[in-house]
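Step one of this worksheet: look at the structure below.
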Amino acid sequence: MNDYFGGLGVGCARVCPPCPTPAFGMSTQIPGMWCKMAARDTFLGTDQTRKPRLLFWELPNRYSKFGMLIILPTIIYFLVFRIGPIIYSLIASFSDWNLVEKMRFIGGANYIRAVTDKVFLASLQRSLTYSIVVVTCTLTISIVLAVLFDQTLSFRNWYRAAYFLPTVISWVVISIIWKTMYNPSFGLVSYIADLLHITPIPILTSTQRALPGIMVIGIWQAIGFYMVIFLAALQAIDPNLYEAAVIDGASPVKTFWNITLPLLRPTLLFAIVMSTIETLQVFAQVYVMTRGGPANSTLVAVYYIYRTAFYLQDMGYASALAIILLIVIMCLSLLYLKFFKTETYYSR
């Protein structure tokens, strides 16, 4: 280590934990990074011990055993109720099974059938359409509201709570409320149309308006959650960046596009992936409000899988459809991760 400091003659009385020898003067035995950092801290006057990070399996037995004991219930839950059903569905997807008789292996016949199933392909297309519209509108409105409520406003905490409230309400309750509001006879939408002297427009009974009506509910329910996520990210941005932008004469729009939005990319990636996964699995609204109708106009992929499994009792084919949907979600998630790959870091 004397060679590391060029023979400046600086001494060190600290003993490195990895080796029982002083850090200086032992360059021929263990010239590791620990000794180098210890020597550097002594030379610079920052006498701080830098301990190397230990991996989980390198921890002492008492810590690793206690940690495993603490997380064991979560691991069991994850394996039994998450990984287990996926593996079982994968096995069932290669069989003919009606929930009563024994599984009969048929190879990839279910997947071949799925590729040629026009009803399933149409339902998958509706799910993708629903996801694209809801994710785009939800995240756009959420970012706007987050920027707005990040300012100093009167009663802003009340507004935040009001927008976040739908997030904690059950989807079944939300669907029943909106189904009542959409009722053409006594619903709120019909009442507003009467006040404006407009002929009430049927929504859930129209093949053109039923799916957009469900999209509105999805957007309304998710705005509050992602608003809070983006608000937390905005409050983590260093305010000195905004001060520098003001000094340079940047307009609010340029500040948002060149500072705020780039620094929100990690949060935006999280929001896009999570909202995409959620929207592609839309089910409760369709089940409660339309049951896939009218004329299959709201028949999305998950509801079609549910109907195939429990109404038609074709569990093998339904499992194959579920695996296909899982693959689609994984591919989209990986695509987002690749597209939004960033190394932007920010802190207040």
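What follows draws every value from the coordinates through simple rules; no lab data is involved. From a predicted model like this one, the values you see are computed outputs, not experimental measurements. Heads up, the Cβs are rebuilt from the backbone with ideal geometry, glycines too, and the neighbour counts pull from every protein chain shown.
What separates the Cα centres of segment 80-135 and segment 233-255 is a distance of 49 Å. With a threshold of 31 Å on the Cα-Cα distance, the over-threshold entries among Lys65/Lys338; Lys118/Lys341; Lys254/Lys338 are Lys65/Lys338; Lys118/Lys341.
Under 1.5 on a/c is rounded, so check that first for segment 210-260, then, if it is not, pick prolate when a/b is larger than b/c and oblate when it is not; a ≥ b ≥ c are the square roots of the alpha carbon gyration tensor eigenvalues. Write out the running numbers ahead of the final one.
Values: a/c = 6.45, a/b = 2.43, b/c = 2.66.
In terms of gyration-tensor shape, oblate.
By the count of other C-beta atoms within 10 Å, a proxy for reagent exposure, Ser333, Ser251, Ser190, Ser185 are ordered fewest to most as Ser185, Ser251, Ser333, Ser190.
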